[in-house]
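Only one structure is covered here, and it is reproduced in the block below.
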Amino acid sequence: AVIGDAKMSILNSGNVLIGHTASTLIAGSNVALQVQGTGGADSCATLQRFEDNEYGAPLRFGKSRNASLGGFSAVDENDALGVIEFYGSDAAGFEQAANITAKVDGSPNDDTTDMPGRLEFGTTADGGNSPTTRMTIKADGNVGIGTTAPTGKLHLKDADSDKPVL
């Protein structure tokens, strides 16, 4: 409910808006929580942890292939487990510039609590309209730049060569 000059609104859909009362979405997105502001602290979200140990504040993503809330079904190889997306305004709307995606990088095994993962870093080329994976860190620790299937600790690929380095 929106009451007066609210700083937080909960819409009938259950979506939560902080800093505004009308949803202004990035094209094609539907989000449960939005934080908007015109600058400074009113347009950021902060995670903090105060504890006398080595742990920082976590931001956690979770994925199950079960379609019911609270249900667990194993994820498959190449499933995206979470994505961080970065957008900028082109004066007509928001366009995606980059992303970081965590994916399953092998076969999960519930007997051993095994969840192999990889990270993919994508950027959008000048004149492009969506990110392309530019760097991959695989479950085995291999890093690929210009390839999503690195065969060495550091595998560099460009138009002229495709060889692991180091």
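The values are calculated or read from the model by the stated rules, or taken from the named source; none is laboratory data. Model, not experiment: these values are computed from the prediction. For accessibility, only protein heavy atoms count, side chains too; no ligands or nucleic acids. Shrake-Rupley method; radii C 1.70, N 1.55, O 1.52, S 1.80 Å.
Could you check how much of the accessible area of segment 64-166 is carbon and sulfur, as a whole percent, using a 1.4 Å probe? Taking all protein chains in place, segment 64-166 shows 53 percent carbon and sulfur surface.
Please tell me which of these pairs span more than 27 angstrom C-alpha to C-alpha: 7/103; 63/138; 103/153? Exceeds cut-off: 7/103.
In terms of its Cα atoms, segment 90-147 spans 51, 23, 11 Å along the principal axes, sorted from long to short.
Take the Cα radius of gyration of segment 49-101 and divide it by 2.2 N^0.38 Å, N being the number of residues; the result is 1.68. Computed extension gain for residue 15 through residue 44, at 0.36 nm per residue and net of the alpha carbon distance, reaches 8.7 nm.
Taking every protein chain into account, the accessible area of segment 58-159 amounts to 65 square angstrom per residue (probe 1.4 Å). Rounded to the nearest whole Hz, the Karplus-based 3J(HN,Hα) values (6.51 cos²θ - 1.76 cosθ + 1.60, θ = phi - 60°) of segment 56-68 follow the sequence x, 6, x, 10, 10, 10, x, 9, 10, 7, 7, 7, 9, with x at glycine and proline. Stokes-Einstein diffusion of segment 37-147 at 37 °C, 0.692 mPa s viscosity, Kirkwood radius from Cα pairs, rounded to a whole number: 193 µm²/s.
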